[in-house]
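**Student:** Handing you a structure now.
Every read-out reported here was derived from the displayed coordinates using simple, explicitly stated rules and does not represent laboratory data. Computed from a predicted model, the values in this text were never measured in an experiment. Don't worry about glycine lacking a Cβ; one is built from the backbone with ideal geometry, like all the others, and counts go over all protein chains shown.
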Amino acid sequence: MFKLIVRKELRTAVRDVRLQVSAVLLIGLMCTAVLLGRQGQQQIQAQRAAAQTAMYDVWLDQGEKHPHSAAHYGHFAFKPKPVLSFLDVGLDNYTGVSVFLEAHQQNEVSFSAAQDGNGTTRFGELTAALILQVLFPLLIIFLTFNTLSREREEGTLRLAYAQGLSMRRLFAGKVAATYLTVLLIFLPTMVLAFVLLYQSGGGVAAGAVGKLLALTAGYAVYFFIFVLLCALVSAFTRRSEVALLTLLGLWIVCCIVVPKAATSLADSLYTTPSQFEFRRDIDEGVAGGIDGHNPADERLATLKQEVLDEYRVSTTEELPVNWSGIAMQAGEEYTDRVYDREFSKIEHVFRRQNRLSEWLGFLNPYLAIRHLSMALAGTDFDHHVAFARAAEAYRRNFVRVMNKDMELNHHPGIAFGDYTRGRDFWSTIEPFSYELPGTAALLAHQWRSLAALLVWLSALVGIAIVFTPKISPL
Amino acid sequence: MLQARQLTKTYGDYPALQRLDLEVKGGEIYCLLGANGAGKTTTINLFMGFTAPTAGEVLVDGRRVVYSNQATNELLAYIPENLNLYGNLTGRENLQYFAGLSKKRLNGTEADELLRSVGLQAAATSQRIRYYSKGMRQKVGIAIARAKGAGNLLLDEPTSGLDPQASNDFARLLEESRQNGVAVLMATHDLFRAKESGTHIGIMRAGRLVHSLASREITLGELEQLYLATMQMDVHV
């Protein structure tokens, strides 16, 4: 009987011209967004990879110079455009694409698309995520709002009841059929996304397949939640127009009002310091410590004495190593500690803001899927932090290598300008590379969003099991 | 057999049905007459288990009807007043679907034969219901009821809005059901149809069955006078 209901519902749906038109439009829109998104992602990734290579060549070709000058000459790290960002750009437009890496200085990841783009960037792009998260629930609402209320209005519910059909079974059949319809509209796009991934080949695509599968599963759960929610409202609302208004109200609250309110609430509860305050705190912290260039520094003097004692000499000229190299590295490490402290503070604030939004996923499934989608697409805050940390680790390493060379090889008595290194030495620094976190790590990190979706799913299934036998045929 | 014993239904303070006693045996057609709000549809709804009685009980073939327990539904067939069915499905598909819900599987040929037996033209069986007239939809309703093969038939204003030809066709099908031993309870405004088709007639007013008589005991003119007099009488709640 369940199959009979599902078959009849699908047949009715397939013959519905409004559904045909909206399905074609939505599939077209989705495929366009995916194709354009993928093209854009590939272009941007190619540009960034080319820029990364070019900058590495610039590093190698910087000529003969002192290693510390090379550390100041610096290097660039470009954030790779995550392969699944063609489905969800997330925060990518706002978080910057590259960072200049140099001695003594931790620079911000800068040049975001929003910074460079026009006003429309800030209103969001037409991405698959926008369609899936915002427009699909709207489609589900229009497919489902009258699924039972219209049957009640038109008397077919009474006739079905009179035939001995249990209301729970009818509800289940309708939910299954609507969900299948939604999947038939949703899955072609995901198949297209898989095809595009496989076309790209290589290790990036291999890692992305698991994430795309998880993303597909996440959206499938999200849609099921909306189908259940809409069908329940339809089942217990006497008039279809009331059901529609109720669901549209819920959609506005879930997809527009709460996300904005959540951001404002997070901002007001956990205030982020300005860029100016952040830099000032670092500068003040560094000013109190070793900077490596200031011989009058008390900490530097203490360090110097320790080094002299270690080598049992009385002047730096007698040292078998280069004192400036040691001092530079000590300054670096002190600055790193200050930066880590201040960066942790600001990261903590951002993380608390994100956590609040993730917890609100238990009240609003849209927030849960948004976080999950951004994380799997590699465009959320955590990914940005991971890139910033990787770039900073790279900076610290190459500065340390430069300082170490200076310490060991720039012997006392050789003038600064007389000690130089060249391409062979610069090439000991590997090109910057950054691996996105794996699927398992991401999902473990997103447990709140996953739990929120599962709680929504379980709660609605529970409500449906308990209350659908009470659906009135009148 | 359909039985109501001291059947009462109130909505808040409003008495929709008061202490109704009624019995319809197999092979009988009991027509309930009355103005809007007299309690006819409430009676049908209580037999179908669409709503729970406030007091009293409803029995179908001796089995008590319990609200939201559909055990007795297999004994009943039902045709509502406005049978809309599913507009995007054909007459045949509608019949197959509703028959399937009562666990009666019909293939296309069986469905078409059944639809033709209730007077639907062969070409119409594969047309979508949205193009059917009300009379044609009612015929599909009869076919659904027949496919179920239940011994009791409940009809809620089945001829309202039908043209005379369609109404006559409907009466013929009803008579066939009666001859097959089906117990029929029909709510209607149509005095002529009640007199012509019914074996028994009940006149309801303000939730009460005021008169219950055999159809043969009364002429159409007398029925009309009795009906009008009943509508004007003061019924004490």
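**Student:** In percent, what relative contact order does the stretch B:89-237 have, based on Cα pairs under 8 Å that are 6 or more apart in sequence?
**Tutor:** Over the stretch B:89-237, the number comes to 17 percent.
**Student:** Can you tell me which lysines have their Cα less than 30 Å from the Cα of B:LYS104? Leave out same-chain residues fewer than eight positions away.
**Tutor:** List returned: A:LYS3, A:LYS8, A:LYS174, A:LYS470, B:LYS25, B:LYS40, B:LYS134, B:LYS139, B:LYS148.
**Student:** A further question on this structure: In the neighborhood of B:GLU57, defined by Cβ-to-Cβ distances under 15 Å, what is the net charge if each Lys or Arg adds +1 and each Asp or Glu adds -1?
**Tutor:** Within the 15 Å Cβ shell, the charges total +2.
**Student:** Measure out, as a whole number of angstrom, how far apart the alpha-carbon centroids of the stretch A:148-170 and the stretch A:176-194 sit.
**Tutor:** The stretch A:148-170 and the stretch A:176-194 have Cα centres spaced 28 Å from each other.
**Student:** As I understand it, the dipole of the protein assembly as shown uses +1 on the Cβ of Lys and Arg and -1 on the Cβ of Asp and Glu, about the Cα centre. Which of A:ALA243, B:VAL24, B:LEU153 lies farthest toward its positive end?
**Tutor:** Result: B:VAL24.
**Student:** Using a 10 Å cut-off around each Cβ, can you sort B:LYS134, B:LYS25 from fewest to most neighbouring Cβ atoms?
**Tutor:** B:LYS25, B:LYS134
**Student:** Also: Which is the longest run of chain A containing none of the GluC sites (Glu not before Pro) found in DSSP loop states (not H, G, I, E, B) with at most 15 other C-beta atoms within 10 Å?
**Tutor:** A:109-434
**Student:** Something else: Charges at C-beta only: +1 for Lys and Arg, -1 for Asp and Glu. How large is the resulting dipole of the stretch A:1-119 about its Cα centre, in Debye rounded to 20?
**Tutor:** Here the size comes out at about 1180 debye.
**Student:** Another question about this same structure. Cross-link candidates for A:LYS81: which lysines have Cα within less than 28 Å, leaving aside residues fewer than 8 places away along the same chain?
**Tutor:** A:LYS211, A:LYS260, A:LYS345
**Student:** What percent does the relative contact order of chain A come to when contacts are Cα pairs within less than 8 Å and at least six residues apart?
**Tutor:** Contact order relative to length: 25 percent.
**Student:** Next up: Quick one: helix A:447-467 against the long Cα principal axis of chain A, what's the angle to the nearest 10°, folded into 0 to 90?
**Tutor:** Approximately 10 degrees, to the nearest 10.
**Student:** Counting other C-beta atoms within 10 Å, which of A:PHE236, A:PHE186 has the fewest, and how do the rest follow?
**Tutor:** Sorted ascending by nearby Cβ count, the order is A:PHE236, A:PHE186.
**Student:** Let me spell out the model: positive unit charges on the Cβ of Lys and Arg, negative unit charges on the Cβ of Asp and Glu, origin at the Cα centre of the protein assembly as shown. What dipole size does that give, in debye rounded to 20?
**Tutor:** I would put it at about 3920 debye.
**Student:** Could you give the distance between the Cα centres of the stretch B:109-172 and the stretch A:24-69, to the whole Å?
**Tutor:** 69 Å
**Student:** For the stretch A:390-454 and the stretch B:4-59, write down the distance between their C-alpha centroids in whole Å.
**Tutor:** 85 Å
**Student:** So which chymotrypsin sites (Phe, Trp or Tyr not before Pro) in the stretch B:158-231 pass both tests, a DSSP loop state and at most 15 other Cβ atoms within 10 Å of the Cβ?
**Tutor:** none
**Student:** Within the stretch A:1-103, which chymotrypsin sites (Phe, Trp or Tyr not before Pro) sit in a loop by DSSP and count at most 12 neighbouring Cβ atoms inside 10 Å?
**Tutor:** Here no chymotrypsin sites (Phe, Trp or Tyr not before Pro) fit, given the DSSP loop and packing criteria.
**Student:** Still on this structure: At most 13 other C-beta atoms within 10 Å and a DSSP loop state: those are the exposed trypsin sites (Lys or Arg not before Pro) I care about. Give me the longest piece of chain A that has none.
**Tutor:** That gives A:1-237 as the longest site-free run.
**Student:** Which of A:ALA70, A:GLN105, A:VAL24 sits closest to the plus end of the dipole of the stretch A:2-470, meaning its Cα is farthest towards the positive end, when Lys and Arg get +1 and Asp and Glu get -1 on the C-beta?
**Tutor:** Farthest towards the positive pole: A:VAL24.
**Student:** Another one. Could you list A:THR263, B:THR42 so that the one with the fewest beta carbons within 10 Å of its beta carbon is first and the one with the most is last?
**Tutor:** With the sparsest Cβ surroundings first, the list reads A:THR263, B:THR42.
**Student:** Charges on Cβ only, +1 for Lys and Arg, -1 for Asp and Glu, centred on the Cα centroid of the stretch A:349-474; of A:SER472, A:ASN403, A:LEU367, which one is farthest towards the dipole's positive end?
**Tutor:** Sorting the options by dipole projection puts first A:SER472.
**Student:** Taking the Cα centre of the stretch A:397-474 as origin and charging only Cβ (+1 Lys, Arg; -1 Asp, Glu), how large is the dipole, in debye to the nearest 20?
**Tutor:** The calculated dipole for the stretch A:397-474 is roughly 540 debye.
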